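Quick notes on the structure that follows.
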Amino acid sequence: MSTSPSHDWATRRLLAYSVGLMPEDELLRLEEHLAGCPDCRARLAPLKAAAGAGAGHLPSSLIATWPRSSRLLEGLERELVEAHLEDCEECRAALAFAGHEPVSLLRTGSDLASGTRRAPAPSRRHFWAWASGLASAAAGLLAWAAATHPGWHSSHTFGTMGRPVAVAFEFALDSLTTGAVRLPEPGFRARAAKPIDVGVVTNVSGMVLILPPALQPPSPEAGARQMVITLLKDGRELASHTGPFFTLGDAIRLRPDGRLEAGDYDLRFALDPAAAGEPALVWFYRLRVR
Amino acid sequence: MIVSPSSNVRRSRRTSPLRRTPLGAIDWKALRAHALQGLRRKLRATPASTIEDLAQEVMVTLFRLSQREALLNPEALTNTLVHRVYVDHVRRMRGPTGRLDPLPDSDSPLELPAQDPAHEVGVDMLQLFRFVVLEHFKQHDAPCHELATDFFAELSWASVARRLQVRHNTVIKRWSRCMVQIRELAYSQRGPVWEWAREARIV
């Protein structure tokens, strides 16, 4: 068995390699090493999926511990497990064999998507926003002022009669606002797996959306980054707002001047990258207006 | 010697209901007792509830195999799966930064790390991570899904390149684009899968 620095390096990188997450420049080097190192190949072998447990299906360990483990899933991982179970008869059969039902996870996911659950108490991670000084407070006041003067942050979409309808964005709302819909953890660069029913959207109450943790800045630095929120219909931009990430707060409202036409809308959140050269982070939600 | 699970099943080109093992043809209760016994022997100091979970994992995999192929020797296959689940369990107990060992012979004991009561070893996060990556690409990026499926089956980009009949460099370049997406997901998402990946320092 080799004990060279190159071998030590390779053994430390096998896990990243096994999940496909090695930088391009290191991949060739590791594969060259693997070709000539039986010890590393032997260490990699147990990381191959066992027969009958292909990576394209729910892991047997998840199914075996389903009542406990499925509850721990969050956001996208939960969304993907849920979507897979809806499509995969084989995994549903395996769950049934293990004596579990997928219903619990699916029901919880649907509840979240349809917004029937009330909002939780404000997150602890928001303390920084309140403690970040006069600059934040001033910006928050600006956001509030803009919210009470829809014209400040409005653009146009189309109402039920095909006339242009202005849509105002309001920020930093109370997450307990009546009729608020809680957004699940976002998908990535794509529309959410399921449309979120937001009901009828009129000028009276608008559409109040409670933001998930992923759409709340984890640090003051992140909060200073620019967030662009865009409402789209059939791929066309209808309304947009650009502002610092931290001004979003716990919940936002989209208030049309009249009534929003029934149908599916996409709401896109695009966050400026932390460093130059990195791509922007983009999240989509599909909203179903009745 | 480790017996590959595939040596105990009759292979067919495509899964056909006719080739499946009828549920009633297998004594699941006896196989479960056999799996429990094998796991207890290998993991003497492990809590009974963990042994139950691992036996259930063996049975689920066995059931899946029975639904795809005709099982020729379910008991031998159970032994193989028990050993495999045991090895996977030890890896999970070592955590995302633990060392990786070669697959040992079926009779060789593995050095068990101390159990951390605060850290439950349930789902195999490595497998769940791969599942999440594959499922994400299945929904959003078919070329990346194809690459990921091939790679996770073979764990060799050289093999993937041969199958796709492209140069090794080319397939790695194509995968780099997919990898950027996974890294961005890991940055933007919360949940045990992404926490595991961050803890393992692979994203």
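The values are calculated or read from the model by the stated rules, or taken from the named source; none is laboratory data. Model, not experiment: these values are computed from the prediction. Glycine gets a Cβ as well: all are built from the backbone with ideal geometry, and neighbour counts include every protein chain shown. Surface areas here come from the heavy atoms of the whole protein model, side chains and all, with no ligands, DNA or RNA. Shrake-Rupley method; radii C 1.70, N 1.55, O 1.52, S 1.80 Å.
Numerical summary
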| quantity | calculated |
| --- | --- |
| Shielding by partners - mean other protein chain Cβ count within 10 Å, residues of A:80-90 | 3 |
| Probe 1.4 Å, protein heavy atoms only - accessible area per residue of the stretch B:63-104 in square angstrom | 31 Å² |
| For B:Lys138, net neighbour charge (Lys/Arg +1, Asp/Glu -1) across residues whose Cβ lies under 11 Å away | -4 |
| Under Karplus coefficients 6.51, -1.76 and 1.60, residue-wise ³J(HN,Hα) of the stretch A:217-222 in Hz, glycine/proline x | x, x, 8, x, 4, 5 |
| Residues of type lysines that A:Lys233 reaches as a straight line, Cα spacing below 17 Å, ignoring anything fewer than 8 places off in the same chain | A:Lys194 |
| Cross-link partners of A:Lys48 among lysines (Cα-Cα below 25 Å; sequence separation of 8 or more within a chain) | B:Lys42, B:Lys138, B:Lys173 |
| Amide H contacts under 5 Å for A:Ala239, placed H, 5+ residues apart | A:Leu231 |
| Charge sum, other residues only, whose C-beta stays under 12 Å from A:Ala172's C-beta, Lys/Arg counted +1 and Asp/Glu -1 | -2 |
| Between B and A, accessible area buried - total, square angstrom, nearest 100, 1.4 angstrom probe | 6500 Å² |
| Percentage relative contact order, the stretch A:12-97, counting C-alpha pairs under 8 Å, at least six apart | 21 percent |
| Inter-chain shielding of B:144-156 (mean C-beta neighbours from other protein chains, 10 Å cut-off) | 4 |
| Number of partner chain Cβ atoms within 10 Å, mean per residue of A:4-16 | 2 |
| Relative contact order of chain B, defined on C-alpha pairs under 8 angstrom at six or more residues apart (%) | 20 percent |
| Span-like helix ranges in chain B, DSSP H, alpha carbon extent 24 angstrom or more, Kyte mean at least -1.0 | B:48-68, B:74-94, B:168-188 |
